[in-house]
Amino acid sequence: MPELALERDEQHLRFRFSAPWTAVHYDSHPDRRKLASCIGSTKGVDFIGILNRSDLYLIEVTDFRGHPSAGMPRNVEALAAEMAQKVRDTLPGIVGGARASANQMFWGGYAKALVGSKNCLRVILWLEDSRPMQDHHGYASVVSRKIKEKLRWLTAQVTVASQRLPGSVPPHLSVSNLPGAGQP
């Protein structure tokens, strides 16, 4: 079994990042909380990861299963705008961590992956919902296009992933349901 880099529960899902990942649960990291206390209303993605010591991943998790409107259409524009804000607000957290944190070496690796000319920045919205499969795939495609529009200044590497879209899952990452997933 590959070495485990990070295992963390987010909403009703368990994320397992195995080597060659380096990953952090950004939302709960002390440096993220310190940033938020200094400048107020900032947002951030759930996970930041580096795969194969080069490609930087920003991953946000949204699990609509079990919500009363889980199968209803979501405001795609609002979802894309929130995702873009979380990505935008995460970037200075990485740079600030590399410059001024007590964990400069830790954040330095993420900053290097962010600005490296040969590295790829990938943004993933991990989206679980209760739609029928054909609707889920179409909705994911529309959401992905909207997020790409919002982040075209930064990257075109945007994916909407889920357990039901296996080709969307990055290598060496596994995601499983926790008890109670999909229930109100």
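The values are calculated or read from the model by the stated rules, or taken from the named source; none is laboratory data. Predicted model, so just to flag it, every value in this text is computed and none were measured. Methodologically, a virtual Cβ is constructed for each residue, glycine included, from the backbone with ideal geometry; neighbour enumeration extends over all protein chains shown.
Results for (1) at pLDDT 95 or above; (2) assigned to a helix (DSSP H, G or I); (3) loosely packed, with under 15 Cβ neighbours inside 10 Å, shown as yes or no for each residue.
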| site | (1), (2), (3) |
| --- | --- |
| G109 | no, yes, no |
| L114 | no, yes, no |
| N119 | no, no, no |
| V123 | yes, no, no |
| Y139 | no, yes, no |
| K146 | yes, yes, no |
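From (1) closer than 23 Å to R8 by Cα; (2) out of contact with any Gly (no Cβ under 7 Å at 6 or more places or on another chain); (3) not aliphatic (A, V, I, L, M), pick out the condition that doesn't hold for G96.
So G96 meets the others, but not (1).
Only one of these conditions is not met by P171: (1) surrounded by fewer than 15 Cβ atoms within 10 Å (Cβ to Cβ); (2) over 16 Å from the mean Cα position of the chain (by Cα). Which number is it?
(2) is the only condition that P171 fails.
Counting just the residues of the range 12-46 that are surrounded by fewer than 16 Cβ atoms within 10 Å (Cβ to Cβ) and in a loop (DSSP other than H, G, I, E, B), which one comes out modelled with the highest pLDDT?
P20
Can you tell me how many residues in the range 10-55 are in contact with a helix residue (DSSP H, G or I) (Cβ under 6 Å, 6 or more places away or on another chain) and over 15 Å from F106 (Cα atoms)?
6
Name the residue that is farthest from the chain's Cα centre (by Cα), counting only residues in the range 125-134 that are of a type outside the set (S, T, N, Q) and surrounded by 15 or more Cβ atoms within 10 Å (Cβ to Cβ).
Only one residue tops the list, namely R131.
Out of V160, V142, report the one residue that is free of Cβ contacts under 8 Å to residues at least 60 places away in the same chain, touching a helix residue (DSSP H, G or I) at 6+ places or on another chain (Cβ under 8 Å) and farther than 18 Å from N52 by Cβ.
The conditions single out V160.
Restricting to the range 47-64, and then to whatever is hydroxyl-bearing (S, T, Y) and part of a strand (DSSP E or B), can you tell me which residue is farthest from D9 (Cα to Cα)?
Top of the filtered list is Y57.
Go over the candidates L178, L114, L121 one by one and state the one that is out of contact with any Gly (no Cβ under 7 Å at 6 or more places or on another chain), in contact (Cβ under 8 Å) with a residue 24 or more places away in the chain and closer than 19 Å to Q11 by Cβ.
L178
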